[in-house]
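Okay, so here's the structure we're looking at.
The values are calculated or read from the model by the stated rules, or taken from the named source; none is laboratory data. This structure is a prediction, so every number in the text was calculated from the model and none was measured. Using ideal geometry, Cβ is built from the backbone for each residue, glycine included, and neighbour counts are taken over all protein chains shown.
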Amino acid sequence: MLRRILTAIGYAFLTLVVVALTVGLVAYGNDWTYDFSTHKVIQKGHVIIRSVPSGVLVTGDGKWLNKKTPYQKAYSVGAHTFELAKDGFYTWKKTLDVVAGQVALAQYVILVPKHPAQTVLDSRAQIVAQAISKDHRHLAYITGGADSALYIMDLGNGRPVKLYTPKVADPTTGAGVETLDNVAWSDDASHLLIFSTVDGQPVARLAAASGGEPVNLTAQYGFTFSGLRFQSGDYRTLYWISPDGLRRLDVGAQTISDVLAANVSQFWPVPGRILYVQQTALGRSLWSIDSRGKHQALIPALAESDTYAVAYSTYLGHDELAVVPAATQTGTLYSDIFGDTPVAKTIAHDVTGASFSPDGHLAAFTAAGKISVYDLERSQINNSFVRYDITDQPGNLSGLTWFDNYHLLLTRGTELYWSEFDGSNRVDLGAVGNGLPAYGTVVPDAKALVGFMAGVGGVKITQLQIR
């Protein structure tokens, strides 16, 4: 009998030990610990830092940790400053806010080489316009001066191809010299729109990226296709604002639609829809029309303005729309804009433009002297308003593109800068020609950018290897 009682007690004690160890391990895994200074059980937060390149020495709060990336450790709640240093690279430094039970994750760290490998892809005396394809693999640019032409380039091989040369004056028809003005890619990079001027009149041409003579849409259909744009995902369908309203051009069927909406001042193609601003007796409003011709009022009463900056993205399955009226310069973010109950949130004031990171978790509202980046991800996790205001930057901002989901390429005056989404770890990459923007590019097993860098007597289209 005594043996059974002792055995039962032993099993009970073992069970308590196992439970205690399990609870302790779970608590430890969630960064619970005993603080000997206060004699209290407290919960810490967790810091994780990953970098490209990896294996970089880490300094935390001014102390050398004898650790390398990837790095992770539990930290007390509050602000902690970390540095990553490696010979030949600019030092990375940032203060991370540690929250109890949460992960302060800096998985986006890229150390920029002090002397990145550079490849000059082309050199031209003048570049008057440029565009990059949606997949960032194909570049188009218009050269000016004596060698005026449209060139395209597959950034995988870096060889420029002359796609189109403007027409010379034709005495037999009386047509004057053609001046190339602008270019735009279709989403699949199979076709381009070429915009030019002949005798003061706009001309729109549709060109195949594979070559051949572009189709003069203006001559074929007899319309002035001012502001013509590809429908998202379909090069055969294009939209423009005619004098009587928004219309659609189907180059496959060679048809032009009736007026889809009257009194339209601006429009933007987004996946599956066209967004447009319409002037009514009650003021301006934002609408959408889908591929079936169904109209939907999105913002019945827009702030009165002659023009609007609009950017669209999706994040975690939610439609996100950023709108900035030029008159009010107030940046507003609309979530679930196509649903029954969209949510509007004022993000920034005194801004003029808007854009989203490629994955949609960051929205940048910009002006010449400031950038306000709203963090949809952190705002959702923290259930609070998380915005990064970037104001201490050199020069006026004339161009902003996203290198990836966490890094910006900023054209300020005549200089190109790299920075993180919150303005930290800024690096001057050099002078650019004509204030042209730069783009992140897709190259095998590497991170690179292509920029229009200032060169002797012109512009050098240069690929800079970041990783």
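Annotations for the structure displayed:
The rows are residues; the columns are (1) farther than 30 Å from Val168 by Cβ; (2) assigned by TED's automatic domain parsing to the domain that holds Thr179; (3) in contact with a Phe, Trp or Tyr (Cβ under 8 Å, 6 or more places away or on another chain).
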| site | (1), (2), (3) |
| --- | --- |
| Ala208 | no, yes, no |
| Gly211 | no, yes, no |
| Leu228 | no, yes, yes |
| Tyr235 | no, yes, no |
| Gly245 | yes, yes, no |
| Asp250 | yes, yes, no |
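- Evaluation of Asp170 against (1) surrounded by fewer than 20 Cβ atoms within 10 Å (Cβ to Cβ); (2) under 32 Å from the mean Cα position of the chain (by Cα) (one fails), failing number: (2)
- Residue match in the range 147-155 (condition: modelled with pLDDT under 95, within 24 Å of the chain's Cα centre (by Cα), farther than 30 Å from Arg378 by Cα and assigned to a loop (DSSP other than H, G, I, E, B)): yes
One line per residue, one yes/no per condition, for (1) more than 16 Å from Gln380 (Cβ to Cβ); (2) in a strand (DSSP E or B); (3) out of contact with any strand residue (DSSP E or B) (no Cβ under 6 Å at 6 or more places or on another chain):
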| residue | (1), (2), (3) |
| --- | --- |
| Asp306 | yes, no, yes |
| Ala311 | yes, yes, no |
| Asp319 | no, yes, yes |
| Val324 | yes, yes, no |
| Thr332 | yes, yes, no |
| Gly339 | yes, no, yes |
| Thr346 | yes, yes, no |
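- Single condition Ala309 does not satisfy, out of (1) of a type outside the set (Phe, Trp, Tyr); (2) at pLDDT 95 or above; (3) surrounded by fewer than 17 Cβ atoms within 10 Å (Cβ to Cβ): (3)
- Set Ile42, Ile49: member being within 25 Å of Asn382 (Cα to Cα), crowded, with 17+ Cβ neighbours inside 10 Å and either under 29 Å from the mean Cα position of the chain (by Cα) or at pLDDT below 50 (or both): Ile49
- Odd one out for Asp188, checked against (1) modelled with pLDDT of 95 or more; (2) surrounded by fewer than 17 Cβ atoms within 10 Å (Cβ to Cβ); (3) out of contact with any Asp or Glu (no Cβ under 9 Å at 6 or more places or on another chain): (3)
- Test result for Ser398, surrounded by fewer than 20 Cβ atoms within 10 Å (Cβ to Cβ), part of a loop (DSSP other than H, G, I, E, B) and modelled with pLDDT under 95: no
- Test: Gly245 is surrounded by fewer than 20 Cβ atoms within 10 Å (Cβ to Cβ) and out of contact with any Leu (no Cβ under 9 Å at 6 or more places or on another chain): no
- Residues of the range 348-370 that are assigned to a loop (DSSP other than H, G, I, E, B), among the hydroxyl-bearing types (Ser, Thr, Tyr) and closer than 18 Å to Ser419 by Cβ: Ser357 alone.
- For the range 250-271, a residue qualifies if it is assigned to a loop (DSSP other than H, G, I, E, B) and touching a Ser or Thr at 6+ places or on another chain (Cβ under 6 Å), and exactly one does: Pro271.
- Of the set (1) under 28 Å from Asp290 (Cα atoms); (2) surrounded by 15 or more Cβ atoms within 10 Å (Cβ to Cβ); (3) of a type in the set (Gly, Ala, Ser), all apply to Gly222 but (2).
- Set side by side, the residues Val198, Val161, Val177 differ, and just one is of a type outside the set (Lys, Arg) and at pLDDT 95 or above, which is Val161.
- Subset of the range 406-424 [among the polar types (S, T, N, Q), at pLDDT 95 or above and outside any strand (DSSP E or B)]: Ser424
- Looking across the range 286-306, the residues that are over 21 Å from Gln231 (Cα atoms) and either surrounded by 13 or more Cβ atoms within 10 Å (Cβ to Cβ) or free of Cβ contacts under 8 Å to residues at least 12 places away in the same chain (or both) come down to Ile299, Leu302, Ala303, Ser305.
- Scanning the range 307-341 for residues that are touching a residue at least 12 places away in the same chain (Cβ under 8 Å) and among the charged types (D, E, K, R) turns up Asp319, Glu320, Asp336.
- Scanning the range 371-384 for residues that are at pLDDT 95 or above and not in a helix (DSSP H, G or I) yields Ile371, Ser372, Val373, Tyr374, Asp375.
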